[in-house]
Amino acid sequence: MKKPLFLLLPILMFAACIAERDYVVESDYSYKGKFRRYKTFDFMSTTDTVSFNGLSDGMIREEIMRRLESQGYRYSDKKPSMLIIYTVFGDNLKFHGFDQMELEYWDEKYSWTADYEESLAEIKEAEYNKVDYELKEGTLLIDFVDSKTHSVIWQGYASGLFDNANFFSKDIKYAVRSILNKYKLVAYNEKL
């Protein structure tokens, strides 16, 4: 006797959910970031920067590129407006992050006001509320750096990604996507 497809669908969906790993994913940003001015990006290092359980950084780099290009940013090794740095930490670590309003809200409401340092000081919402995190082994950290000021303007991190040697390329892609889901801005003057 054949079972109807609609009875098997919930079982398949449940199995797919179990297969996906849950990560602690957070991000924060600098109120001094000029997010509306960023159009291009490059990577800070051209060498393999990840050395954790034999993981090569090629998949991380490709997934970051794919995601940023889908948001209208262009890869450019000639004077990019943003530089990308990423690393995987092999040990547990204590990390300071910030509890802030959503980046998209900040960008929409305050970005033009905050272009000037004296205006930034007057914005009550532009406070850094520190949060301490206990990040687990295998944390992936992605930083966006303003290429003119050399300061970190946004960072996203996911904890405990590669806490054992049994990770797969889909885990890496899922982790990078989960982190970059926190950065929803599109390139300046780009409409998607």
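Please treat every number below as a calculation from the coordinates, not as lab data. Everything numeric here is computed off the predicted structure, so don't read it as measured data. We place every Cβ from the backbone using ideal geometry, glycine too, and count neighbours over all the protein chains shown.
Cβ neighbours within 10 Å, averaged per peptide: list 80-86, 99-105 in order, most packed at the top.
Values: 80-86: 19.9, 99-105: 13.9.
Final packing ranking: 80-86, 99-105.
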Pairs over 21 Å Cα to Cα, from K78/K182; K34/K94; K32/K130, come to K78/K182; K34/K94
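Of the listed peptides 88-95, 122-129, what is their order by residue-averaged count of other C-beta atoms within 10 Å, with the highest listed first? Walk me through the intermediate numbers first.
Values: 88-95: 14.9, 122-129: 11.5.
Output ranking for 88-95, 122-129: 88-95, 122-129.
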Provide the packing ranking of 69-78, 145-154, i.e. peptides ordered by the mean count of other C-beta atoms within 10 Å per residue, highest first. 145-154, 69-78
